[in-house]
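One structure is given here, and the rest of the page talks about it.
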Amino acid sequence: MTWHDNDLMMYLVDESGKPITNFPAKCPVCGKEHAHILMHRFSDRTGFGTFWAWCDNCFSYTHCSYRVPKWWINPAFLDLDRLDSLVDYPHELQDKIDSWVNKLLE
Ligand SMILES: [Zn+2]
């Protein structure tokens, strides 16, 4: 199974960048609770950064430049050298990432 780009994955967050639910979330593509997100803010001043979303059931994903919302805090456990446009690395760490995001949403 290989990852395939699907913009529907953006529906995991609303227009303000707020997730609609905790993670793992219901995947907008396959409907299974296997969807995850990650954000990374490059600049605190502008909020510019990156957004990833992926589903480890149907392997849909998306990656884009993003205005990262204020509630997001970059997790310290990520190896920034391994962050790229793919979701292989976030997929590896998805349990940790889900816990992080859920905690930020509390
Ligand atoms: Zn899916």
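So which of 18/70; 32/103; 70/103 end up more than 18 Å apart by C-alpha?
On the way: 18/70 10 Å; 32/103 22 Å; 70/103 15 Å.
Too far apart for the 18 Å limit: 32/103.
For the chain, the calculated P(r) over all alpha carbon pairs, in 10 Å bins from 0 to the bin holding the longest distance, is 15, 54, 29, 2 percent.
Partnerless cysteines in the chain, where a partner means another cysteine C-beta under 4.7 angstrom, comprise 64. Here the gap between residue 1 and residue 48, fully extended at 0.36 nm per residue and compared with their Cα-Cα distance, gives a gain of 13.8 nm. Loop-located GluC sites (Glu not before Pro) across the stretch 11-94 with a Cβ neighbour count of 16 or fewer within 10 Å are 15, with loop assigned by DSSP.
Show that you can apply the helix-only estimate: for the chain, add -39,500 (n - 2.57) for every DSSP H stretch of four or more residues, divide by all residues, and state [θ] at 222 nm to the nearest 500.
Details: 2 runs with 16 residues, N = 106.
Theoretical 222 nm ellipticity from helices: -4000 deg cm²/dmol.
Mind checking the angle between helix 94-104 and the chain's longest principal axis? C-alpha axes, 0 to 90 degrees, to the nearest 10. The helix 94-104 is inclined about 50 degrees to the chain. Out of 20, 83, 52, whose Cα points farthest toward the positive end of the dipole of the stretch 4-98 (charges: +1 Lys, Arg; -1 Asp, Glu; placed on Cβ)? Final value for the positive-end residue is 20.
In loop segments of the stretch 4-106 as defined by DSSP, the trypsin sites (Lys or Arg not before Pro) with at most 16 further C-beta atoms inside 10 Å of their C-beta are 32, 45, 70.
Taking 7 Å steps out from each Cα toward its Cβ at residue 11 and residue 89 produces label points 3.0 nm apart. The ranking of 88, 98 from fewest to most other beta carbons within 10 Å of each one's beta carbon is 88, 98.
Since every read-out is calculated from the coordinates, none of them should be taken as a lab result. It should be emphasised that the depicted structure is a prediction, and the values quoted were computed from it without experimental measurement. Counting neighbours? That spans all protein chains shown, and the Cβs are built from the backbone with ideal geometry, glycine included.
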